[in-house]
Structure formats: C-alpha cells, structure tokens
Amino acid sequence: EAGKVTNRKPLYNGFTVATFALGSAKLYDWLGDNPSVRMLPVTEVNGVSVLSRLPRLTSVNGALSIDLAGQVAADWVGGRQYSGAGGHESFVSGAGAAPEGRSFLCLKSTANVGGKRVSTIVPAFSEGTRVTTPRHHVQYVVTEHGAVDLSLLSDSERPGALIELAHPDFRDLLRAS
C-alpha cells in the first residue's frame with residue numbers, strides 16, 4: 001500500500017510470491033483475489049535453486065544458539081525442539097549462492113532457561129543438539145553486541161569473533177573454554 005514493494009526481480013517479475021500467509025483479516029482481504037500475489041509450492045519459493053538466482057538476495061533468519069565453531073541451532077536446543085526448521089537453511093544457502101547475496105543470522109546474546117540467564121553463544125553444542133545450519137554456510141552473525149562476517153574467518157579466528165558478540169558477562173567463560 002505504501003509502494004515500497006516494486007516486485008521488479010528476475011523471477012516472478014511483477015508478483016509477490018509466498019508459500020503461506022498468517023495474519024489479520026486486513027491481510028487476508030488484501031491477499032484475496034489480488035492479481036499481484038502468487039501463492040506457490042514451497043519448492044518454488046524456498047528452493048535453493050530458485051533463491052540462488054536472485055541477485056543481491058539478503059536473508060535474515062533467527063537462531064536460538066551458535067557454538068564457537070559457527071554451527072547454528074535454530075529449531076532445536078537443550079534437548080528440545082522449539083520449532084520446525086522451515087526455510088532456514090534454504091535461505092542461508094540460497095543467499096550465500098546468489099550473486100552479491102548476503103545471509104544474516106540473528107540471535108540475542110542471552111536467554112532465560114529455567115529462570116537462569118545463559119549465553120546463547122556456547123563453546124560446543126550439547127549432545128543431541130540438532131544443527132540447523134553448518135558452520136561452512138554461515139555468513140553474518142548478529143547480536144545486540146555487534147555483527148561479524150564468519151565467512152571471511154578461518155576456523156581458528158571464529159571463536160574470538162563470536163566471543164565478542166557474546167554478552168560481556170559470559171565472555172571470560174567462553175575464552176576459558
């Protein structure tokens with residue numbers, strides 16, 4: 001309505017594409033019979049082969065935790081599943097393969113677990129944690145303490161960069177690990 005979405009793109013030019021929508025009655029009214037919207041199968045929206053063809057694709061995904069190697073848990077942590085993986089890894093990989101693409105993984109530096117504040121940046125995942133995104137697919141990691149492009153760093157440089165994104169109360173513990 002504000003004219004911010006132009007839909008000028010190499011795929012599905014002129015159309016907004018989605019796999020699902022969830023929202024208000026106003027959203028559903030706007031979607032209903034809207035000639036500029038296409039609801040398509042997930043393979044046509046979230047597929048890496050589709051996403052990687054979109055120049056300058058920027059993906060922004062949430063995460064629950066990241067270890068010092070750069071592995072990301074976005075749907076499962078602490079022995080518990082919190083959500084489905086959805087398109088997380090597809091959008092990370094698709095943006096990483098797209099011309100001039102960028103992928104951002106965002107998380108808070110701490111979480112409350114059982115009434116206790118814990119770091120979401122951990123030395124290593126506990127046994128049984130499911131990795132949503134492997135370390136070699138991770139590009140930018142963002143917390144409220146900054147951002148770092150892990151794709152430019154070696155395995156030995158990653159821990160130090162991630163520790164700087166951790167909450168200051170946990171940095172010494174992470175350095176000692």
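The values are calculated or read from the model by the stated rules, or taken from the named source; none is laboratory data. Note that the structure is predicted; figures quoted are calculated from it, not measured. Note: areas computed on protein heavy atoms with side chains; ligands, DNA, RNA excluded. Shrake-Rupley method; radii C 1.70, N 1.55, O 1.52, S 1.80 Å.
Looking at region 103-176 only, what percent of DSSP beta bridges run antiparallel? Nearest 5 please.
That works out to approximately 75 percent antiparallel.
Taking the empirical scaling 2.2 N^0.38 Å for compact globular proteins as reference, region 71-152 has a Cα radius of gyration ratio of 1.13.
Protein heavy-atom surface of region 1-155, 1.4 angstrom probe: 55% of the accessible area is carbon and sulfur, with nucleic acids and ligands not counted.
Near SER65, the amide H atoms lying under 5 Å from its own belong to ALA73; only residues 5 or more places off or on other chains count, and H is placed 1.01 Å from N.
Surface exposure of region 20-177, expressed per residue as accessible area with a 1.4 Å probe, stands at 56 Å². Most simply put, the chain has about 50% antiparallel DSSP beta bridges, counting only bridges with both residues inside it. Taking every Cα-Cα distance in the chain and sorting them into 10 Å bins from zero, the calculated P(r) comes out as 9, 32, 30, 19, 8, 1 percent.
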